[in-house]
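Some notes on the structure that comes next.
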Amino acid sequence: NLFLGFVHTLDTFVIHEIVEPGSTSYSHMMIIMFTMFLGAMVGVMSAGGGTAALVNRLSRYASKREHSQVMTWFLGLIVFFDDYANSLLVGSSMRPFTDRMKVSREKLAFLVDSTAAPVSGIAIISTWVGVEIGYIADTYASLGMTGDYYTTFLYSLPYRFYPLQLLAFVWMVAYIGNDFGSMLKAETRAIAYGQLVRPGRFNVTEVEGHAESGELARRQLLRNALVPLAVLLGLAMIGLWWTGTIEINRLNMERGQLGQAELKVNFQNVLEHSSPNRVLLITSFLASIAAVVSCSLSKSLPLSECVEAWANGAKSMFLAILILVLAWSVATVCDQEHLNTAGVLVELLSEKLSPNWMPTITFLLAAVVSFATGSSWSTMGLLMPLSISLTYSLLVPLNEADPNHHLMLGTIGGVLAGAIFGDHCSPISDTTVLSSAASGSDHLDHVLTQIPYALTVAGVSVLFGYLPVGFGFQPYILLPVGLVVLFLILFFYGRSAETE
């Protein structure tokens, strides 16, 4: 029934993704709100001259386009604790600077997106770590394998070929200045014609009202940018520690009643049990208020114009939020309770195989599932138990069912890396949408220019990573080989947009 299908699409799938009936976390609404608050903060910073002052200060240390891209990459490494915070903060902070250097918005979105999930996914301390270790621990426990699951997590890090090589590849692209494919066309357009966004495509406009260069030049105060950014980062770290500590204390009370050992209050455990969405919601709001207070006290803007800039900045994120809600809706349609897209893929591809092929198969399968669902976390939740259990069943007849067997570690690394790869290529991924929004890039242009780079790194990860590691080669040898291959591809196949 096409009519009922249309109605239920709006009143069930779309609305439910916003209000999440039955949920106690309200994570989607929190993501929507902190995206708007961050846009509001950036709007006030821009109207108050803080962004211009920050760009001028950064320009002292960067005289070339490559310098601005390397600085974006480096800032992405610093904000390692959460991928959402990484995408929104790095993109919005560096956009005015890269605009001045005539770096296309597609290139900025690629730099931001490629240092968000990869960094958080492999960081020893991040909001991802607890989830990844939890999947490993639950599956190993169900199989009767005991041991230190955090150690297994650490041992699996060298097997994350895609995120490790992608981070290095992003640095090569930024430092060398060569590009290829659709990204080369975007960069050539930006340099030759000054068109940072393809003509006719969506463009994020700066907050109106104080765009005249003369006015901005009189009130470019660096503190109007540093104060809200410091509030955002500082309160985010404090909030993560606070919420994590409270949750650990609650769990320790329950463990004490059951006679179980208490959890230690260390940085790793605190981040695992923190509430990042709630923390980002509150800190982004307070940071936006800090931007208003800073501009008002410095007399850069009257209070009424600060409020107007705050509202305009929040409204500028509407299209990004609309795309994000629709992406969540598509992912729900594909979940296990509806079309069960992932289940169909698993059933088609999980035939009995040699254990030597498991790292490669799991990487490719995770990529397909993550691309179809737009979620790396749900992909990990679905495939980690399946892949680990399947590899274990194939190793048992060989008497090699060791928790830290290289094929077991390769399978774990394949799932976690493949989930990030598919997420990067998926137009319905939330981190991809947020990277486009924060960078001011048209969303589909960002996806289309990023896919050739993602496919290149994934191809190298398979041919010089997961295939040979399945037959006994050590990742410590394969990782440098893969990096050399990526360098040769970029050096000989890529070209500088400045010479086009």
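The values are calculated or read from the model by the stated rules, or taken from the named source; none is laboratory data. The structure displayed is predicted, hence computed values, not measured ones. Methodologically, a virtual Cβ is constructed for each residue, glycine included, from the backbone with ideal geometry; neighbour enumeration extends over all protein chains shown. Ligands, DNA and RNA are stripped out before the accessible areas are found, and what is left, the full protein with its side chains, is counted by its heavy atoms. Shrake-Rupley method; radii C 1.70, N 1.55, O 1.52, S 1.80 Å.
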Exercise for review: Output the qualifying pairs, or none if there are none: Cβ atoms under 9 angstrom, residues six or more apart or on different chains, first residue in segment 117-145 and on the phi > 0 side of the Ramachandran plot and of a type in the set (D, E, K, R), second residue open to solvent by less than 10 Å² (accessible area, probe 1.4 Å) and modelled with pLDDT of 75 or more.
Suggested key: none
Point to revise | Positions within segment 303-322 being under 21 Å from the mean Cα position of the chain (by Cα) and open to solvent by 80 Å² or more (accessible area, probe 1.4 Å), in sequence order | key: Phe318
Study note, to complete from the structure: If you go through Tyr453, Tyr476, the only one that is aromatic (Phe, Trp, Tyr), open to solvent by less than 50 Å² (accessible area, probe 1.4 Å) and either modelled with pLDDT of 95 or more or more than 19 Å from Met183 (Cα to Cα) (or both) is Tyr453
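Condition check ((1) of a type in the set (Ser, Thr, Tyr); (2) surrounded by fewer than 19 Cβ atoms within 10 Å (Cβ to Cβ)) across all residues:
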{"site": "Leu394", "(1), (2)": "no, no"}
{"site": "Asn404", "(1), (2)": "no, yes"}
{"site": "Asp423", "(1), (2)": "no, no"}
{"site": "Ser441", "(1), (2)": "yes, no"}
{"site": "Pro480", "(1), (2)": "no, yes"}
{"site": "Leu483", "(1), (2)": "no, yes"}
{"site": "Phe491", "(1), (2)": "no, yes"}
Point to revise | Residues located in segment 461-473, provided they are open to solvent by 10 Å² or more (accessible area, probe 1.4 Å) and assigned to a helix (DSSP H, G or I) | key: Val462, Leu463, Phe464, Leu467, Pro468
Revision key, fill the gap. Residue set Tyr155, Tyr159, Tyr135; condition at pLDDT below 80, among the aromatic types (Phe, Trp, Tyr) and more than 17 Å from Ala454 (Cα to Cα); output residue Tyr135
Practice item. Take Ile412 and decide whether it is of a type in the set (Val, Ile, Thr), open to solvent by 10 Å² or more (accessible area, probe 1.4 Å) and touching a residue at least 12 places away in the same chain (Cβ under 8 Å). Key: no
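Residue-wise test of (1) open to solvent by 40 Å² or more (accessible area, probe 1.4 Å); (2) outside any helix (DSSP H, G or I).
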{"site": "Glu132", "(1), (2)": "no, no"}
{"site": "Ile136", "(1), (2)": "no, no"}
{"site": "Gly144", "(1), (2)": "yes, yes"}
{"site": "Leu167", "(1), (2)": "no, no"}
{"site": "Val170", "(1), (2)": "no, no"}
{"site": "Glu187", "(1), (2)": "no, no"}
{"site": "Ala192", "(1), (2)": "yes, no"}
Review point. Yes or no: Arg198 closer than 20 Å to Ser436 by Cα and either at pLDDT 85 or above or hydroxyl-bearing (Ser, Thr, Tyr) (or both)?
Key: yes
Study note, to complete from the structure: Taking segment 15-39 and keeping residues of a type in the set (Val, Ile, Thr) and either within 18 Å of Leu280 (Cα to Cα) or modelled with pLDDT under 85 (or both) leaves Ile18, Val19, Thr24, Ile31, Ile32, Thr35
Review point. Picking from Ser284, Ser296, Ser274, which residue would you name as being in a loop (DSSP other than H, G, I, E, B), in contact with a Leu (Cβ under 6 Å, 6 or more places away or on another chain) and either among the polar types (S, T, N, Q) or more than 20 Å from Phe37 (Cα to Cα) (or both)?
Key: Ser274
**Study point:** Selection count, segment 1-44, where residues are closer than 11 Å to Ala225 by Cα and open to solvent by 10 Å² or more (accessible area, probe 1.4 Å)
**Key:** 1
Point to revise | Total residues in segment 147-165, condition outside any helix (DSSP H, G or I), in contact (Cβ under 8 Å) with a residue 60 or more places away in the chain and open to solvent by 10 Å² or more (accessible area, probe 1.4 Å) | key: 1
Exercise for review: Report the residue count in segment 258-275 for those that are within 15 Å of Gly134 (Cβ to Cβ) and either at pLDDT below 80 or touching a strand residue (DSSP E or B) at 6+ places or on another chain (Cβ under 9 Å) (or both).
Suggested key: 4
Practice item. Determine whether Asn269 is farther than 22 Å from Met33 by Cβ and over 19 Å from the mean Cα position of the chain (by Cα). Key: yes
Exercise for review: With respect to Pro452, determine if the residue is outside any helix (DSSP H, G or I) and touching a residue at least 60 places away in the same chain (Cβ under 8 Å).
Suggested key: no
Practice item. Taking Arg57 as the residue in question, decide whether it is within 26 Å of Leu235 (Cα to Cα), assigned to a helix (DSSP H, G or I), open to solvent by 50 Å² or more (accessible area, probe 1.4 Å) and not small (Gly, Ala, Ser). Key: yes
Exercise for review: Take the residues in segment 172-185 that are part of a helix (DSSP H, G or I) and touching a residue at least 24 places away in the same chain (Cβ under 8 Å), then tell me which one is most open to solvent (accessible area, probe 1.4 Å).
Suggested key: Tyr175
